[in-house]
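Here the structure is laid out as structure tokens; the discussion comes afterwards.
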Amino acid sequence: MYELLFATNNAHKVQEIQPLLPPDIKVLSLKDAGIDVEIEEPYETLEENAVEKASVIHALTGKNCFSEDTGLEVEALNGAPGVRSARYAGEKATHAENIDLLLTNLEGNSHRAARFRTVIALQWNETMHLFEGICPGTIISEKQGEKGFGYDPIFIPDGADKTFGEMSAVEKAQFSHRAKALEKLIYFLTHS
């Protein structure tokens with residue numbers, strides 16, 4: 001069993017990623033590893049924030065680790081909320097508040113194309129590697145489904161007939177931006 005440290009305090013992300021990994025790789029969250037640190041995301045790109053988180057945890061632990069940053073990029077809003085997705089309605093905003101603000105900002109706009117984009121940064125034997133996953137889709141006008149987290153209840157991926165909020169974890173993995181980035185990470189880990 002190989003343990004890989006995931007530089008996150010978000011239990012939802014760990015739960016989403018673990019089933020997608022080979023059985024011999026166990027993901028440890030910061031909490032699992034006994035690390036109590038909140039890492040700032042001060043940058044304007046997903047790539048820079050992901051690298052920052054992996055670099056900070058690697059510096060603290062000396063272990064191989066990975067992090068990710070994900071954003072919802074809405075075409076009609078010039079790519080917003082993007083890197084600010086988790087804080088779109090404010091620093092302490094809830095998922096519901098972020099969704100409400102996004103829907104308000106899209107009110108009356110028929111152009112609702114969007115994409116989720118994930119960037120994984122892997123600190124591996126002193127070298128940083130980046131892996132990207134993109135899921136194009138559409139923002140609907142009201143929430144549907146209670147599963148997932150974040151903007152999942154208002155996002156229908158291209159090729160699907162329901163929101164991420166209505167999908168099981170297995171269904172979501174067929175479309176997921178995070179799953180696509182993770183596939184690239186897994187390929188790297190199993191072929192290095």
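The values are calculated or read from the model by the stated rules, or taken from the named source; none is laboratory data. These numbers were taken from a predicted model, which means no experiment stands behind them. Cβ coordinates were reconstructed from backbone atoms using ideal geometry, including for glycine residues, and neighbour counts include every protein chain displayed. We work out accessible area using only protein heavy atoms, side chains counted, and drop any ligands, DNA or RNA first. Shrake-Rupley method; radii C 1.70, N 1.55, O 1.52, S 1.80 Å.
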(request) Check Ala54, Ala59, Ala80, Ala33 and return the single one that is within 24 Å of Asp152 (Cα to Cα) and aliphatic (A, V, I, L, M). (result) Ala80
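Every residue, every condition in (1) β-branched (Val, Ile, Thr); (2) touching a Pro at 6+ places or on another chain (Cβ under 8 Å); (3) within 24 Å of Ser192 (Cβ to Cβ), yes or no:
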residue	(1), (2), (3)
Ser67	no, no, yes
Leu72	no, yes, no
Ala96	no, no, no
Leu106	no, no, no
Gln123	no, no, yes
(request) Out of Leu101, Leu72, Leu21, Leu106, report the one residue that is over 30 Å from Ser141 (Cα atoms) and of a type outside the set (Gly, Ala, Ser). (result) Leu21
(message) Can you say whether Glu97 is closer than 30 Å to Ile186 by Cα, among the charged types (D, E, K, R) and modelled with pLDDT of 95 or more, as far as the supplied structure shows?
(response) no
(request) Determine, yes or no, whether Leu106 is open to solvent by less than 20 Å² (accessible area, probe 1.4 Å) and either in contact with a strand residue (DSSP E or B) (Cβ under 6 Å, 6 or more places away or on another chain) or not hydroxyl-bearing (Ser, Thr, Tyr) (or both). (result) yes
(message) Of everything in the range 145-192, what is crowded, with 16+ Cβ neighbours inside 10 Å, of a type in the set (S, T, N, Q) and either free of Cβ contacts under 8 Å to residues at least 24 places away in the same chain or assigned to a helix (DSSP H, G or I) (or both)? Give them in sequence order.
(response) Thr163
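Would you check which residues across the range 48-69 are of a type outside the set (Lys, Arg), touching a residue at least 12 places away in the same chain (Cβ under 8 Å) and surrounded by fewer than 24 Cβ atoms within 10 Å (Cβ to Cβ) and list them? Spell out how you get there, then give the answer.
Step one: of the range 48-69, the residues of a type outside the set (Lys, Arg) are 48-52, 54-62, 64-69.
Among the residues that remain, those that are also touching a residue at least 12 places away in the same chain (Cβ under 8 Å) are: 49-52, 54-58, 60-61, 64-69.
Hits for the range 48-69 are Asn49, Val51, Glu52, Ser55, Val56, His58, Leu60, Thr61, Asn64.
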(message) Return the residues of the range 1-34 that are of a type in the set (A, V, I, L, M), open to solvent by 30 Å² or more (accessible area, probe 1.4 Å) and assigned to a loop (DSSP other than H, G, I, E, B); say none if nothing qualifies.
(response) Met1, Ala33
(request) Can you tell me which residue among Ile120, Ile139 is under 25 Å from Pro22 (Cα atoms), in contact with a strand residue (DSSP E or B) (Cβ under 9 Å, 6 or more places away or on another chain), open to solvent by less than 10 Å² (accessible area, probe 1.4 Å) and not aromatic (Phe, Trp, Tyr)? (result) Ile120
